[in-house]
Protein chains: 2
Amino acid sequence: MRIHIQNPPPDDLFVITPRQWADAAARRPDIGLGHDVSYADSDDGFAAGMADAELLIGTPGTLKGRVLAGAAKLKMVFVMAAGMDKLMPFDWLPPGVALLNNRGAHGPKMREFALMALAMLNNRMPAYATQQRREDWTGHFTTILRGKTCTVVGVGDLGGNAGAAARSQGMTTIGVRTTPAPHPEFDRMVAISDIDTVLPESEFLVLACPLLPETRNLMSRARLSKLPKGAKIINVGRGALLDQDALCDLLDSGHLDGAVIDVTTPEPLPKGHRAWTTANLVITPHVSADSPATYNPDSLDILLENLRARRAGTQLPNQVELGRGY
Amino acid sequence: MRIHIQNPPPDDLFVITPRQWADAAARRPDIGLGHDVSYADSDDGFAAGMADAELLIGTPGTLKGRVLAGAAKLKMVFVMAAGMDKLMPFDWLPPGVALLNNRGAHGPKMREFALMALAMLNNRMPAYATQQRREDWTGHFTTILRGKTCTVVGVGDLGGNAGAAARSQGMTTIGVRTTPAPHPEFDRMVAISDIDTVLPESEFLVLACPLLPETRNLMSRARLSKLPKGAKIINVGRGALLDQDALCDLLDSGHLDGAVIDVTTPEPLPKGHRAWTTANLVITPHVSADSPATYNPDSLDILLENLRARRAGTQLPNQVELGRGY
C-alpha cells in the first residue's frame, strides 16, 4: 500500500519515525510488511506524498486545512488522535474515503492520570496548591475514595479507563453515554439525555466524551450547579464541554471543592486568563493521555489492525462515523 | 480497667468521644466492655483522671510534658500516633509502664496518598503547579509508572502501604530497613547500612521511617546527590529525615525533578520560608495518613487488641521498644 505520513515539526514527540514504522511492521509482519511509506513535514512534501497515496496518516494539526480533492487513489485517512473536533466539519474528506481515529492509544496513561486526579481532588491538593501560593499551613483531613461516587461522561477508551481507575479505589461508578448499555467498568449506566438525574449524587465528575455540537457546553452553569456541594471535577475531554466561566465562579463560591482540568478554552490558555488564578483549580496543558514511550507504537499497532480488518473485508474498528463525529 | 483519655481541644478531629469508645467496645465486647473511662482536655482534668488510671490514652501533643511520676496504678500509655519522636527521650515514662503506639491506623489513607504522590511526580504535577503560578502553558509528556523503580525507606505500616501503592502500578519496589528480611510488598530488601548502594537506581524515593537519632538527616546533601538526575522524592515520615535546604537546592539546580513533602522542618512551615516557593516542590501540612472517618475507630480497635494480648499474657503487638524508639 502507498502510505504517506505527514509529520509535525521535527522536535515534536508525535513525529512518526521510519524506525517506529519498521518496528510496528515487524510486530505484525503479515499485514505490516511490503508497504511503500513516504514521510514529510512540509507542504511540498505533502503534495508530493499525496500524488499516489492510498493511506494518509497525520495529526489533527498536520491535517487541518489540507486539500485532498486531488488525491485520486486515497482510500483512508488515519488521524493520530481520539477526538476529531479540530477536523470537523468533514467537508475536506473526499467521498468514499474512510476516516479512522487512534482510539485505544490513550488507555494506560489516561488510567494513571485519572487515578492521580481522583486522589488529588479527594486529598484536596487543589486547595493546598492555592494555599501554597499564600504560604498557608492549614490542614484538611479527608476520608479515602472508597465508597464515594464517580460519574464519567463518555465511556470510550478514555472514559472506560477513568472508570477503571475509580473502580480500582473502590468507588461507585456511574457511566453516561448516548445509550445506557452496560459497561464492565460501571456499576450503573445512564443515557446522556438523563444526565440531570445523576448529577446530584456525583461527588466526582469526569468529562471524557468527544466535543460535538450536542456535547458543547454539556456542563452548563445550570448543570454544574446541580452537582452536590463539595463536588469535584476532572476534564480530560475538551475545554468547551463545560462552561469554564461558571466553573471558576462555582469554585470561587465554594459550591465546587476543586477541579483538575487538562483541557481549556482556549488552548493554550492565555496569560492573564482568570482560570490560572482561580482558587482550587489545577490546570495541566493537555498532556493527560499521551505517553511518549507508547503513543506512536500503539497508534501504529491500531492502524495495522484496521488494515487487517480491511483485508478481511470486516468493519474497520476505528472508523469514524461521520454523521456522529466519533 | 481504669482508663483516662486526655483529648486535644474540642474542635480537633483527634478528640476521642464517648460514642467512639462505646462503638469500639461493642465491636469487641469480650475485651471492650466493663472499663471505667474518664475524658479530659484540661490540666485539672488530667490530674483528676490520672489519680487512679491504669491506662492513659493521648496524642503526642496532649502527652508531651506531662508528669506521670505520681500515677501509682499506671500500667500502659497508648499514644495516638505512629512516630514517637515528639515524646523522646522517654525519661517521663515511669519504669515498668508499657508505651504503645497506634501503628496500623494509617494504612489505607497512606496507600492512597502514596499512590497520588507517585502519580503526581510521574506526571510532573509539581512542575505544573510552579508553571501555573507564572501562567505558563508548557507541556511535559511522560511515560507511565509501570517498570520504574521506587525505593521506600522504612517498611512499617506507612512504608508497607507505600510499597503496595507502587506495586499496584507495576513499579519495581526496593525496601530499606534495619535488617534486610523479606517483605511481601518489596521485590528487594536492603539494610539501612547499605542504602547508598540503591540510591543511584532510585527514580522515586519514599521516606516513611521513624525519626530517630540514627535516621536524622538520613538523606543528607551527599545522599540526595547520589539519586539519579530527575529523581523524585516523597516524604511522609518526618521533616528532619532529610536535609531540607539541600532538597531545595537540588530542586533549584534541576538534579531532582520534583518532590511531595507532607512533613517539614519546622512544622508549621513559617511564612517566608524558601520551601514555600521552591520550584517543583509540593507541600502538604502533615495530613497524608489520617482519615477522620477511620483514625480514632481504628486506633481504638488496635488498642483493644493490645488489651486482649495483655490479658492472654502474650507480647503486646504495638509496644514501643524504648531502646530503639519504635
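The values are calculated or read from the model by the stated rules, or taken from the named source; none is laboratory data. Keep in mind the model is a prediction, meaning the values are calculated, not measured. Backbone-built Cβ (ideal geometry, glycine too); neighbour counts: all protein chains shown. Only protein heavy atoms, including side chains, enter the accessible area calculation; ligands, DNA and RNA are left aside. Shrake-Rupley method; radii C 1.70, N 1.55, O 1.52, S 1.80 Å.
So which of A:262, A:301 ends up being within 22 Å of residue A:13 (Cα to Cα) and away from chain B (no Cβ under 14 Å)? After applying the criteria, what remains is A:301. Beta carbons closer than 7 Å, at least 6 apart along the sequence or on distinct chains, pair a first residue in segment A:33-45 that is over 20 Å from residue A:308 (Cα atoms) with a second that is open to solvent by 30 Å² or more (accessible area, probe 1.4 Å) and in a loop (DSSP other than H, G, I, E, B) for A:41/A:9; A:41/A:10.
Taking strands (runs of 3 or more DSSP E) that do not extend beyond segment A:158-277, which have at least 3 residues that are at negative phi and open to solvent by 10 Å² or more (accessible area, probe 1.4 Å)?
Output list reads A:188-191.
The condition (being among the acidic types (Asp, Glu) and in contact (Cβ under 8 Å) with a residue 60 or more places away in the chain) is satisfied by just one residue among A:157, A:136, A:91: A:157.
Checking every residue in segment A:234-242 against the condition of being out of contact with any Asp or Glu (no Cβ under 6 Å at 6 or more places or on another chain), of a type in the set (A, V, I, L, M, F, W, C), within 14 Å of chain B (Cβ to nearest Cβ) and free of Cβ contacts under 8 Å to residues at least 40 places away in the same chain gives zero matches. Checking the stated criteria, residue A:152 turns out not to satisfy the condition of being hydrophobic (A, V, I, L, M, F, W, C), over 16 Å from residue A:236 (Cα atoms) and away from chain B (no Cβ under 14 Å). Can you name every residue in segment B:301-324 that is small (Gly, Ala, Ser) and in a helix (DSSP H, G or I)? Within segment B:301-324, B:309, B:312 meet the criteria.
Among the residues of segment B:1-45, which ones are among the aromatic types (Phe, Trp, Tyr) and either out of contact with any Leu (no Cβ under 7 Å at 6 or more places or on another chain) or within 14 Å of chain A (Cβ to nearest Cβ) (or both)?
Just the residues of segment B:1-45 that are among the aromatic types (Phe, Trp, Tyr), to begin with: B:14, B:21, B:39.
Matches in segment B:1-45: B:14, B:39.
Would segment A:105-121 turn up any residue that is surrounded by fewer than 23 Cβ atoms within 10 Å (Cβ to Cβ) and part of a loop (DSSP other than H, G, I, E, B)? There is no residue in segment A:105-121 that is surrounded by fewer than 23 Cβ atoms within 10 Å (Cβ to Cβ) and part of a loop (DSSP other than H, G, I, E, B). Looking across A:191, A:165, A:127, one residue alone is closer than 20 Å to residue B:165 by Cβ and either within 14 Å of chain B (Cβ to nearest Cβ) or free of Cβ contacts under 8 Å to residues at least 60 places away in the same chain (or both). It is A:165.
Going through segment A:139-149 one residue at a time, which ones are under 19 Å from residue A:235 (Cβ atoms) and surrounded by 20 or more Cβ atoms within 10 Å (Cβ to Cβ)? A:145, the sole residue that qualifies. Exactly one residue out of B:118, B:74 is touching a strand residue (DSSP E or B) at 6+ places or on another chain (Cβ under 7 Å) and within 14 Å of chain A (Cβ to nearest Cβ): that is B:118. Could you check how many residues of segment A:265-290 are of a type outside the set (D, E, K, R), more than 18 Å from residue A:140 (Cβ to Cβ) and facing chain B (nearest Cβ under 9 Å)? So the answer is 13.
For every residue, the table says whether it meets (1) touching a helix residue (DSSP H, G or I) at 6+ places or on another chain (Cβ under 8 Å); (2) assigned to a loop (DSSP other than H, G, I, E, B); (3) more than 20 Å from residue A:95 (Cα to Cα).
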{"site": "A:37", "(1), (2), (3)": "yes, no, yes"}
{"site": "A:45", "(1), (2), (3)": "no, no, yes"}
{"site": "A:53", "(1), (2), (3)": "no, yes, no"}
{"site": "A:56", "(1), (2), (3)": "yes, no, no"}
{"site": "A:66", "(1), (2), (3)": "yes, yes, no"}
{"site": "A:78", "(1), (2), (3)": "yes, no, no"}
{"site": "A:81", "(1), (2), (3)": "yes, yes, yes"}
